[in-house]
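Notes for the one structure printed next.
The values are calculated or read from the model by the stated rules, or taken from the named source; none is laboratory data. No experiment lies behind these values; they were computed from the predicted model shown. Here Cβ is always computed from backbone atoms with ideal geometry, including for glycine, and neighbour counts include all displayed protein chains. Only protein heavy atoms, including side chains, enter the accessible area calculation; ligands, DNA and RNA are left aside. Shrake-Rupley method; radii C 1.70, N 1.55, O 1.52, S 1.80 Å.
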Amino acid sequence: IQMMETPIEKGKWVDLMFHIRFSQGAYGFLEAWKDGQRLTTGKGATRISGPNMYNSQPNYLRLGLYRGRGQSQTNSLYYDEIKIATSRAALEGG
(Lines give C-alpha, C1' and ligand atoms only; values in the text may rest on other atoms or scores of the structure.)
Protein backbone atom coordinates (compact mmCIF):
# COMPACT_ATOMS: atom_id res chain seq x y z
CA ILE A 1 0.00 0.00 0.00
CA GLN A 2 1.33 3.45 -0.91
CA MET A 3 0.19 6.93 -0.07
CA MET A 4 -1.56 8.66 -2.96
CA GLU A 5 0.62 10.90 -5.08
CA THR A 6 0.35 14.52 -4.02
CA PRO A 7 1.83 17.29 -6.17
CA ILE A 8 4.69 19.45 -4.93
CA GLU A 9 4.81 22.92 -6.50
CA LYS A 10 8.21 24.15 -7.61
CA GLY A 11 9.26 27.31 -5.76
CA LYS A 12 6.73 26.85 -2.92
CA TRP A 13 7.52 25.82 0.67
CA VAL A 14 5.84 22.60 1.78
CA ASP A 15 5.19 21.57 5.38
CA LEU A 16 5.53 17.80 5.83
CA MET A 17 4.89 15.85 9.04
CA PHE A 18 5.29 12.11 9.57
CA HIS A 19 4.22 9.90 12.46
CA ILE A 20 6.18 6.67 12.29
CA ARG A 21 6.47 3.66 14.56
CA PHE A 22 9.45 1.63 13.43
CA SER A 23 9.02 -2.14 13.73
CA GLN A 24 10.17 -5.34 12.09
CA GLY A 25 6.75 -6.78 12.95
CA ALA A 26 3.08 -5.95 12.55
CA TYR A 27 3.24 -2.99 14.95
CA GLY A 28 4.96 -0.64 12.48
CA PHE A 29 3.04 2.19 10.85
CA LEU A 30 3.31 5.45 8.90
CA GLU A 31 0.96 8.45 8.89
CA ALA A 32 1.71 11.60 6.87
CA TRP A 33 0.47 15.18 6.54
CA LYS A 34 1.21 17.78 3.86
CA ASP A 35 0.49 21.42 4.71
CA GLY A 36 -1.74 20.28 7.59
CA GLN A 37 -3.85 17.91 5.46
CA ARG A 38 -3.68 14.22 6.30
CA LEU A 39 -2.59 12.12 3.33
CA THR A 40 -4.46 8.98 2.38
CA THR A 41 -3.87 5.87 0.33
CA GLY A 42 -5.73 5.22 -2.90
CA LYS A 43 -8.27 3.28 -0.82
CA GLY A 44 -8.77 6.13 1.66
CA ALA A 45 -6.71 4.74 4.56
CA THR A 46 -4.81 7.32 6.64
CA ARG A 47 -2.29 4.82 8.05
CA ILE A 48 -0.01 2.29 6.39
CA SER A 49 0.58 -0.57 8.84
CA GLY A 50 3.05 -3.42 9.02
CA PRO A 51 6.80 -4.05 9.10
CA ASN A 52 8.90 -1.06 8.04
CA MET A 53 12.38 -2.14 9.19
CA TYR A 54 14.37 -4.86 7.45
CA ASN A 55 16.73 -5.57 10.35
CA SER A 56 17.50 -4.49 13.92
CA GLN A 57 19.92 -1.71 12.93
CA PRO A 58 18.97 1.67 14.44
CA ASN A 59 16.87 3.96 12.22
CA TYR A 60 18.01 7.46 11.23
CA LEU A 61 16.86 10.45 9.21
CA ARG A 62 18.32 10.78 5.74
CA LEU A 63 17.21 13.57 3.40
CA GLY A 64 18.24 14.41 -0.13
CA LEU A 65 17.54 14.32 -3.84
CA TYR A 66 17.76 10.76 -5.11
CA ARG A 67 18.26 10.00 -8.79
CA GLY A 68 18.98 7.10 -11.06
CA ARG A 69 22.22 6.72 -12.94
CA GLY A 70 22.73 9.04 -15.89
CA GLN A 71 20.53 11.86 -14.61
CA SER A 72 22.50 15.09 -14.58
CA GLN A 73 20.00 17.86 -13.79
CA THR A 74 21.04 20.59 -11.36
CA ASN A 75 18.48 21.04 -8.59
CA SER A 76 18.35 22.71 -5.19
CA LEU A 77 16.44 21.51 -2.16
CA TYR A 78 16.07 23.65 0.98
CA TYR A 79 15.18 22.39 4.46
CA ASP A 80 13.97 24.54 7.35
CA GLU A 81 12.90 23.70 10.91
CA ILE A 82 13.49 19.94 10.86
CA LYS A 83 12.24 18.55 14.18
CA ILE A 84 12.16 15.09 15.68
CA ALA A 85 9.90 14.57 18.69
CA THR A 86 8.32 11.80 20.75
CA SER A 87 4.84 13.39 20.70
CA ARG A 88 2.85 15.82 18.58
CA ALA A 89 2.61 18.21 21.55
CA ALA A 90 6.41 18.28 21.83
CA LEU A 91 6.70 18.82 18.09
CA GLU A 92 4.28 21.73 18.00
CA GLY A 93 5.59 23.23 21.24
CA GLY A 94 8.90 24.14 19.68
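Of note:
- For the chain, the share of accessible area belonging to carbon and sulfur comes to 50 percent (1.4 Å probe, ligands and nucleic acids excluded).
- Packing, taken as the mean count of other beta carbons within 10 Å per residue, orders the peptides 7-20, 55-68 from highest to lowest as 7-20, 55-68.
- Computed over the chain, relative contact order equals 22 percent, with contacts defined as Cα pairs under 8 Å that lie 6+ residues apart.
- Using a Förster distance of 35 Å, the FRET efficiency for residue 34-residue 56 (Cβ separation, nearest 0.05): 0.70
- Each residue, residue 87 and residue 8, gets one label point 7 Å from its Cα in the Cβ direction; the gap between the two is 3.1 nm.
- Two-decimal log10 I(q)/I(0) for segment 5-45, as the Debye equation yields it once each C-alpha is a single scatterer, q = 0.19, 0.21 Å⁻¹: -0.68, -0.78
- Of the peptides 76-83, 37-44, the order by per-residue mean of other Cβ atoms within 10 Å, starting with the highest, comes out as 37-44, 76-83.
- Under 16 Å of direct C-alpha separation, and excluding same-chain neighbours fewer than eight residues apart, residue 34 reaches these lysines: 10, 12, 83.
- With a 1.4 Å probe rolled over the protein heavy atoms of all chains, the accessible area of 47, 88 falls in the order 88, 47, largest first.
- Where Rh is the Kirkwood radius over Cα pairs, Rg/Rh for segment 42-94: 1.04
- Across the chain, Cα-Cα pairs more than 20 Å apart make up 52 percent of the total.
- With all protein chains kept in place, the per residue accessible area of segment 1-75 amounts to 89 square angstrom at a probe of 1.4 angstrom.
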